[in-house]
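Following: one structure in structure tokens, then a few remarks.
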Amino acid sequence: MGKLAKSISEVAGWTMASRMLGLARDILLFAALGTGALNSAFILAFTLPNLFRRLLGEGALTSSSIPILSETLARQGKNETFELFNAILSRLGVVLLFLLILAIPLFGLVGQFDGLDQRWYIGADLSRILFPYVLFICMGALVCGLLNVMGRFGLAAFNQVWLNLSMIAALLGGIFIIPESEYGRVVLLSTGVLIGGLMQFGIPAWGLVREGWKPALNFRKHPDLDKILRLFIPGLLGAAIFQINILVSRLLAFSLDDSATGLLYIASRLVELPLGVFAIAITTVIFPELSKLNSLGQEEGFAKIFTRGLGLIFTITLPAALGLALLAEPILGFLFQWGLFESRDVAAAIPVLIASAAGLPFFAWSTLLTRAWYSRQSMKVPVRLAMVNLILNLVLGLVFMRIWGAVGLAMANTTSGAVHCLALQAFLPGKTIGKVNGIGIVKLALSLALLAAITVLCSRLVGMFGLPGRLGHLVTVTMAIPAAAISYFLSLWLMKYKLVREIHKF
């Protein structure tokens, strides 16, 4: 695990920088636009290109390509790998251009429908501006996938920083240059997204060129393209179902009221912070290793790496989920109660965040499981399970939103996500779970209980002083989070919990 730990550390470090910038971006976003129709319209419009990014970029295409590119690099070297990569990238470019030509005029048709709420028309206008982002981000994700195959994890993990910097600059420009025009701010923000997307493709492409890649159009038939296609088609169906699932949740929230989309977005962004920094870092590094071990038929090694990765994920995501739930109010108040985001918005967001945080361990586990399925080069069962998940989330969402509003949608996402995760694990072929340490589980549970106790104690101590509003939130967050984290990891260390010693190497 030494080499893997070093790589995970590199990815987690750069991802942490990106997520912190992303958090700053979201704080500015809600300060500038609040939780009203403009913000909801932007979030929905931004969701659409990101949906295709997950399908054609870092989702099905990258996941189906990495096992084959890893195998080609190991057996035939860089030159053959780059030739295959150019063949994939050329075909992706044609598909994306066709998608742009087809989609952008369709957004203009929304204006032909009378009687819709204003946010629907704004969302359509912003979608026409934002949708070309899909071209840059999908091709950039594929480039980053090959960088990961070649062991260049840092440059790929840092890639999201460029988008965040561009959006932050656009938001600050909007706040200070056009303070009276909220619509002008959101248009400027959309332009910032396009500039950031161009950087997300250009900068990692430059890094790949330094590795010896020579960009070239290549539409010649390559023998490994058929292998990728066999993985890609079922993977695309599964990823499409998963992304439609996200879109359905956003559309249900968008149809509910002006604020529901924004509240769900804030909760998901806070949940994605530990998910993206640690869980994604772990799976990003482990995925090529699992693919290699599967191609070599090393079942014991596969199970050992998978189990170790799962243990690391639980060690990090369980305390993160517990902390988010216990400190929901001070975290939201400290981070987001600025500008147009007011105390009533904080109160509305608290139960949504708690419901979303409960799903964090399952979302992280599913991320690792999806990579494991891809490394097995078997995707038929995940497609069927994804369809079941879509139907379950839709049904639960429609029922729960009528009872609990935005909180109900978060509960539906968490419940369906948990069911989907457990099903993926149950049906995963081959040997995937190695020896489970029961004593380690007990140690983890005891440390989580200590973390909860320290968190509640710190919150009550701060409450005794009656500090007003944001100051009280600030003191609670800066006191409780370090105290709880230190007590948690120190207790694991003292109890000689094996995985925490590996985390220390990061």
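The values are calculated or read from the model by the stated rules, or taken from the named source; none is laboratory data. In this text the structure is predicted, and so the values were computed from the model without any measurement. Note: ideal-geometry Cβ built from the backbone for every residue, glycine included; neighbour counts use all protein chains shown.
Observations, loosely collected:
- Residue in the range 394-404 that is surrounded by fewer than 24 Cβ atoms within 10 Å (Cβ to Cβ), at pLDDT 85 or above and basic (Lys, Arg) present: yes
Yes or no, residue by residue, for (1) surrounded by 19 or more Cβ atoms within 10 Å (Cβ to Cβ); (2) aliphatic (A, V, I, L, M); (3) out of contact with any Cys (no Cβ under 8 Å at 6 or more places or on another chain):
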site: PHE107; (1), (2), (3): yes, no, yes
site: ARG128; (1), (2), (3): no, no, yes
site: GLY151; (1), (2), (3): no, no, yes
site: VAL161; (1), (2), (3): yes, yes, yes
site: GLY174; (1), (2), (3): yes, no, yes
site: ILE178; (1), (2), (3): no, yes, yes
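- Failed criterion for THR455 (all others in (1) modelled with pLDDT of 80 or more; (2) among the polar types (S, T, N, Q); (3) more than 27 Å from the chain's Cα centre (by Cα) hold): (3)
- Meeting the requirement of 2 or more residues that are closer than 21 Å to LEU44 by Cα, the helices (runs of 4 or more DSSP H) wholly within the range 77-179 are 78-108, 118-130, 133-149, 160-177.
- Out of GLY173, GLY123, GLY192, one residue alone is within 30 Å of SER255 (Cβ to Cβ) and without any contact (Cβ under 8 Å) to a residue 40 or more places away in the chain. It is GLY192.
- For the range 20-77, filtered to residues that are out of contact with any Ser or Thr (no Cβ under 9 Å at 6 or more places or on another chain) and among the acidic types (Asp, Glu), the residue that is surrounded by the fewest Cβ atoms within 10 Å (Cβ to Cβ) is ASP26.
- If you go through the range 373-382 and keep only what is buried (at least 19 other Cβ atoms within 10 Å of the Cβ), part of a helix (DSSP H, G or I) and not hydroxyl-bearing (Ser, Thr, Tyr), you end up with TRP373, PRO382.
- Screening the range 435-465 for residues that are assigned to a loop (DSSP other than H, G, I, E, B) and not basic (Lys, Arg) and picking the one that is nearest to PRO330 (Cα to Cα) gives PHE465.
- Of all residues in the range 246-293, those being more than 30 Å from ILE305 (Cα to Cα) and surrounded by 21 or more Cβ atoms within 10 Å (Cβ to Cβ) number 14.
- Residue match in the range 343-360 (condition: surrounded by fewer than 17 Cβ atoms within 10 Å (Cβ to Cβ), out of contact with any Pro (no Cβ under 6 Å at 6 or more places or on another chain) and in contact (Cβ under 8 Å) with a residue 40 or more places away in the chain): yes
- Scanning the range 211-234 for residues that are of a type in the set (D, E, K, R) and assigned to a helix (DSSP H, G or I) yields ASP226, LYS227, ARG230.
- Residue check, VAL399 aliphatic (A, V, I, L, M) and free of Cβ contacts under 8 Å to residues at least 24 places away in the same chain: yes
- Among the residues of the range 256-312, those that are closer than 30 Å to ASP345 by Cα, part of a helix (DSSP H, G or I) and among the hydroxyl-bearing types (Ser, Thr, Tyr) comprise THR261, TYR265, SER268.
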